[in-house]
């Protein structure tokens, strides 16, 4: 369906609660909490409040990769935040992230809790805290951070832009879909050219740049995100395809993508993660068979 009705913006914009598509019930033009609700705190110093959207998966992948390296201090509790039910607007979550977006991390390992919000900031914080997956040599560090922030800047075109108008908007608008499809394909071409020269995004080593980009663009080229693989002809980006498969084969990635996941095969869903053993005993298929 294509909307061809001319639209003239009014002099003053007003909020129409019904005009938001699939996520209209959680979108609003004001910040702050809508209700009082404290966040739970588990026994580990790192407390993650999240959902397995691409931005949430970035952080759980890094935490599982850190644990795989032997960083026991990276043990964490991952609490499920149901954004479709507005849990991100609870007073405790807003205190952890005044922007009311997942993920949010609170580090209780020091004398006072430290909150970290925005997925890119969380990746940098954890990588620096544990001295892993973020190069220290200046040129390599700059390259890695450049690609990390490339994703942070590019993601809204893929998510809120293309994804919204292609998959979630109440009407299909040809101009909007074409505009964002063009930009997403340009981004895929940027990645494909970069990955033609090296195995990982920022060079020879696997870094937080890969962890940030893979849940978005890796899922896109494997046909998972928005079901838009054929529309965008993602098979053409062979270097991105190779890289996406390479990252997906990592055991820590396979674990991380399950955490706080509430959709897909029951065996892929671990709604909350508090111990490493939860992967063996508390995925939804295991709980259903208990």
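No lab work stands behind these numbers, since they all come straight from the coordinates. Since we're looking at a predicted model, the values are computed, not measured. Quick reminder, even Gly has a Cβ in these numbers, built from the backbone with ideal geometry, and neighbours come from all protein chains shown.
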Just from its helices, what would the mean residue ellipticity at 222 nm be for the chain, if runs of 4 or more DSSP H residues each count -39500 (n - 2.57) and the sum is divided by every residue, rounded to the nearest 500 deg cm²/dmol?
-> -11500 deg cm²/dmol
Percent relative contact order of the chain, based on C-alpha pairs within less than 8 angstrom and at least six residues apart?
-> 21 percent
What fraction of the DSSP beta bridges in the chain is antiparallel, stated in percent and rounded to the nearest 5?
-> 60 percent
Spherically averaged projected area of the stretch 46-130 from its Cα convex hull (nm²) = 5.2 nm²
In this structure, the FRET efficiency calculated for residue 288 and residue 7 from their beta-carbon separation, with R0 = 51 Å, to the nearest 0.05, is 0.60
Considering only DSSP beta bridges whose two residues both sit in the stretch 34-166, what percent are antiparallel, to the nearest 5?
-> 55 percent
Determine, from the Cβ-Cβ distance of residue 178 and residue 26 and an R0 of 25 Å, the FRET efficiency 1/(1 + (r/R0)^6), rounded to the nearest 0.05.
-> 0.40
Kindly rank 145-157, 229-241, 166-178 from highest to lowest mean number of other beta carbons found within 10 Å of each residue.
-> 145-157, 229-241, 166-178
First check a/c for the stretch 32-93, with a ≥ b ≥ c the square roots of the eigenvalues of its C-alpha gyration tensor; if it is under 1.5, answer rounded, and if not, answer prolate when a/b is larger than b/c or oblate otherwise.
-> oblate
What is the gain in length, in nm to one decimal, between residue 171 and residue 34 on full extension, counting 0.36 nm per residue of separation less the C-alpha to C-alpha distance?
-> 46.4 nm
Burial ranking of peptide ranges 180-191, 207-218, 60-71 (average Cβ count within 10 Å, highest at the top) | 207-218, 60-71, 180-191
Distance between modelled label sites at residue 236 and residue 280, nm, 7 Å Cα→Cβ extension = 4.7 nm
